[in-house]
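The values are calculated or read from the model by the stated rules, or taken from the named source; none is laboratory data. It should be emphasised that the depicted structure is a prediction, and the values quoted were computed from it without experimental measurement. As a convention, Cβ positions derive from the backbone with ideal geometry for all residues, glycine included, and neighbour counts pool all protein chains shown. These accessible areas exclude ligands, DNA and RNA; they are computed on the full protein's heavy atoms, side chains included. Shrake-Rupley method; radii C 1.70, N 1.55, O 1.52, S 1.80 Å.
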Amino acid sequence: MQQDQLLKIAPQQQQVQYYSGTPVDLGVRIGTGLLLTLVANKFTLLAAGTLSYPLWWPIYKAWWQNQKLRSQYRYVGLWQTNVLALNLAAPPRLRQEPAKPTINFLFGDDSSARTQVDVPYNQRYEEVHVGEPAELLLLSNTPDFSSYKALKEVYLPESGVWIAKYPFVDRDVFLDISLDIERERKTRQAAQWPT
């Protein structure tokens, strides 16, 4: 599987949106950019960079996140697994803000490999059920995947739901690869059991 296809260097729209944050975050960046521009106005290039800070910062953050992940691992594989458990949990309240519930998903297979993904509650996660097939990427530095990291971005083909905090994967490419693998599996099965 090609790492370059699935884990892009250039930020995708979903990744930039993730780091763009809320309108309040944008307001803070605009204010910071204006303040820095006033301080740096004697240096034209620096002033231009600080004034455009609200625009380029989310792009830079997404690029940095992509680069960091890509530089750590050489190999990418698709893990076809199942939802083993899901649990709605309320995180501890640290401030006066209302606590936002999270859902803890446990994924695994017959080999006893497991990974947990904790994400903020989203209504579309109510469609997910225990036993449902799931697919996610494994990252490794060894071609045999003797040691690996499971990327915490999961696709559930039955319900068409993505579970993730941050959108690392080019989802269109991921779905194409997933469908290709499923077609190959069905072709092999048909060849083993002629009708």
Could you please find all residues in the range 147-195 being of a type in the set (A, V, I, L, M) and farther than 30 Å from residue 59 by Cβ? 179, 181, 190, 191
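Restrict the check to the range 38-49 and report whether at least one residue is more than 19 Å from the chain's Cα centre (by Cα), surrounded by 16 or more Cβ atoms within 10 Å (Cβ to Cβ) and modelled with pLDDT under 75.
In the first step, residues of the range 38-49 are kept if they are more than 19 Å from the chain's Cα centre (by Cα); the result is 38-49.
Subset that is surrounded by 16 or more Cβ atoms within 10 Å (Cβ to Cβ): 40, 47.
Those left that are additionally modelled with pLDDT under 75: 40, 47.
Yes - at least one qualifying residue is present in the range 38-49.
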Taking the range 119-135, which residues are assigned to a loop (DSSP other than H, G, I, E, B), under 19 Å from the mean Cα position of the chain (by Cα) and farther than 10 Å from residue 159 by Cβ? 121, 122
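Please verify whether residue 118 is in contact with a Ser or Thr (Cβ under 7 Å, 6 or more places away or on another chain) and either under 23 Å from residue 14 (Cβ atoms) or surrounded by 14 or more Cβ atoms within 10 Å (Cβ to Cβ) (or both), treating the condition exactly as stated.
Values: in contact with a Ser or Thr (Cβ under 7 Å, 6 or more places away or on another chain): yes; either under 23 Å from residue 14 (Cβ atoms) or surrounded by 14 or more Cβ atoms within 10 Å (Cβ to Cβ) (or both): yes.
Judged against the criteria, residue 118 is a match.
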Can you pull out every residue in the range 173-195 that is exposed (fewer than 11 other Cβ atoms within 10 Å of the Cβ), assigned to a helix (DSSP H, G or I) and of a type outside the set (D, E, K, R)? 187, 189, 190, 191, 192
Out of the residues in the range 3-21 meeting the condition of being open to solvent by less than 70 Å² (accessible area, probe 1.4 Å) and under 18 Å from residue 120 (Cα atoms), tell me which one is modelled with the lowest pLDDT. 21
Residues that are outside any strand (DSSP E or B), within 13 Å of residue 72 (Cα to Cα), touching a Phe, Trp or Tyr at 6+ places or on another chain (Cβ under 8 Å) and open to solvent by 50 Å² or more (accessible area, probe 1.4 Å), drawn from the range 137-171: 141
Scanning the range 22-37 for residues that are in a helix (DSSP H, G or I) and of a type in the set (Ser, Thr, Tyr), which turns out modelled with the lowest pLDDT? 37
Kindly provide the set of residues from the range 143-164 that are in contact with a strand residue (DSSP E or B) (Cβ under 7 Å, 6 or more places away or on another chain) and not aliphatic (A, V, I, L, M), ordered by number. 143, 145, 147, 148, 149, 152, 153, 155, 157, 158, 162
